[in-house]
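Some notes on the structure that comes next.
The values are calculated or read from the model by the stated rules, or taken from the named source; none is laboratory data. Values in this document were obtained by computation on a predicted structure and should not be read as measured data. Cβ atoms come from the backbone with ideal geometry, glycine included; neighbour counts cover every protein chain shown. Areas reflect the complete protein model, heavy atoms only, side chains present, ligands, DNA and RNA absent. Shrake-Rupley method; radii C 1.70, N 1.55, O 1.52, S 1.80 Å.
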Amino acid sequence: MCIIAGYSGSKPAAPILIEMIKKTEYISGGLSTGIATIHEGKLYMRKVVGDVDVLLRETDALSLPGTTGIIHSRT
């Protein structure tokens, strides 16, 4: 089972996506987590083995540019 969330709007996507997945990850997530955003035609992506806390600790995922993105957490 995966938890997947997406956002497209006028605010930076990464902080919104991370908050969305944090609120639902307790259901059954955390073995692997990834995020991708788009900014000026370029794809920015980070992924880790572990939950959102690992993603935040080991990458710069929170600062990915762009106002459109997707995030997932897999059990």
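Observations on the model:
- Carbon and sulfur %, accessible surface of the chain computed with the full protein complex present, 1.4 Å: 58 percent
- Relative contact order, percent, the chain [alpha-carbon distance under 8 Å, six or more residues apart]: 47 percent
- Shown here for region 21-72: GluC sites (Glu not before Pro) in loop regions (DSSP other than H, G, I, E, B) with at most 11 other Cβ atoms within 10 Å, namely 40.
- Positive minus negative residues near residue 69 (Lys, Arg vs Asp, Glu; Cβ under 12 Å): +2
- Compared with the dominant Cα axis of the chain, that is its longest principal axis, helix 13-28 is turned about 10°.
- Given (1) 3, 20, 32, 25, 14, 5, 1; (2) 3, 16, 28, 27, 18, 7, 1, 0; (3) 3, 11, 15, 15, 16, 19, 13, 5, 1, 1, 1, 0, the label whose value is P(r) over Cα pairs in 5 Å bins from 0, in percent derived from this model: (1)
- Calculated [θ] (222 nm, deg cm²/dmol) that DSSP helices of n ≥ 4 give over the chain, each run adding -39,500 (n - 2.57): -9500 deg cm²/dmol
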